[in-house]
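**Q** Pasting a structure here, questions to come.
The values are calculated or read from the model by the stated rules, or taken from the named source; none is laboratory data. None of the values given here were measured: they were computed from a predicted structure. All Cβ positions, glycine included, derive from the backbone under ideal geometry; neighbour counts span all protein chains shown.
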Amino acid sequence: MRTYDVVRGAERLGRIHLDLHPRDGKYNHAACFGLAPGITDRSLPESVLLCNFSRGLLEHDEVVTFFHEFGHLVHDILGGHQTWARWTGVATEWDFVEAPSQLLEEWAWDAEALAAFAVNDEGEPIPADLVARMRTADAFGRALEVTRQLGHATTSYRLHVDRPADLAEAVDGYYRAASPVTPLDGSHSYAGFGHLTGYGACYYTYQWSLVIARDLLSAFGDDLFDVDTATRYRREILEPGGTRDARDLVQSFLGRESTFDAYRAWLAGA
Ligand SMILES: [Zn+2]
């Protein structure tokens, strides 16, 4: 476990704890948890990342997971300066809460960002053309993966409105309706679907937030390191926490209503 203070100049903004590697008896997924809510003039925000990354070199999907969870962490700290605990940090709408973390994942697919830390044994940074090929490979079968996600979302919603007599048959039916991939017989996938407790009926937010995340990303154009856009993103999206409706935050940042256009382009492999 490592603990860091988050500072801007001489100002302390909060504290983060990184518990990144597995040990016996530990939570075995990856998530960000608030430790202390940030309340103006009373307490600084503190949050924890619990992950289970391999020691030594990370796989790229672990890097993506790290950036995703770090997105929640940054949101919780920068948005953690509010009058009321109810609206501090990531205490925003569920329809929106995954958008900042999904947006930050994109930095793990950017050659310039990766070159800053992803090096081989000789200390050479990852080549940009390799990153380009990784992006192409990632886009392969993307729509199929989205249909699987829609199967999860349908299952999460239907099990909250229906009480099917035969769970296995009903759940297999939801997946069959969403995706061309036939569910394996007798897999009882709902029994291992952890988000059913916690996210409840709201698993759909992963796709809904992604629509917003793709739209937010479009404001950065080709330069993920554009300081003006990043500063505006921090002020308009992250710092308000849950004090304003997410739709209003997105509109102030983009200067327009959010649309499906960027998500549609991403689905098409852009
Ligand atoms: Zn998340």
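**Q** How many residues does the range 164-208 contain that are buried (at least 17 other Cβ atoms within 10 Å of the Cβ), assigned to a loop (DSSP other than H, G, I, E, B) and among the aliphatic types (A, V, I, L, M)?
**A** 0
**Q** Right, here's the next one. Of all residues in the range 247-270, which are at pLDDT 95 or above, assigned to a loop (DSSP other than H, G, I, E, B) and within 20 Å of Leu144 (Cβ to Cβ)?
**A** Correct list: Phe260 only.
**Q** Within the range 99-131, can you find the residues that are more than 16 Å from the ligand (Cβ to nearest atom) and acidic (Asp, Glu)?
**A** Result: Asp110, Glu112, Asp121, Glu122, Glu124, Asp129.
**Q** Turning to a different aspect of this structure: For the range 68-96, what are the residues that are surrounded by fewer than 19 Cβ atoms within 10 Å (Cβ to Cβ) and either within 10 Å of the ligand (Cβ to nearest atom) or of a type outside the set (D, E, K, R) (or both)?
**A** Within the range 68-96, Thr83, Trp84, Ala85, Trp87, Trp94 qualify.
**Q** How about the range 1-120: which helices (runs of 4 or more DSSP H) wholly inside it have at least 3 residues that are assigned by TED's automatic domain parsing to the domain that holds Ala213?
**A** Ranges flagged: 99-105, 111-115.
**Q** Which pairs turn up if I take residues in the range 226-243 that are of a type in the set (S, T, N, Q) and look for partners that are not in a helix (DSSP H, G or I) with beta carbon separation below 6 Å, at least 6 apart in sequence or on another chain?
**A** Final answer for the pair search is Thr229/Ala219; Thr229/Phe220; Thr243/Gln82.
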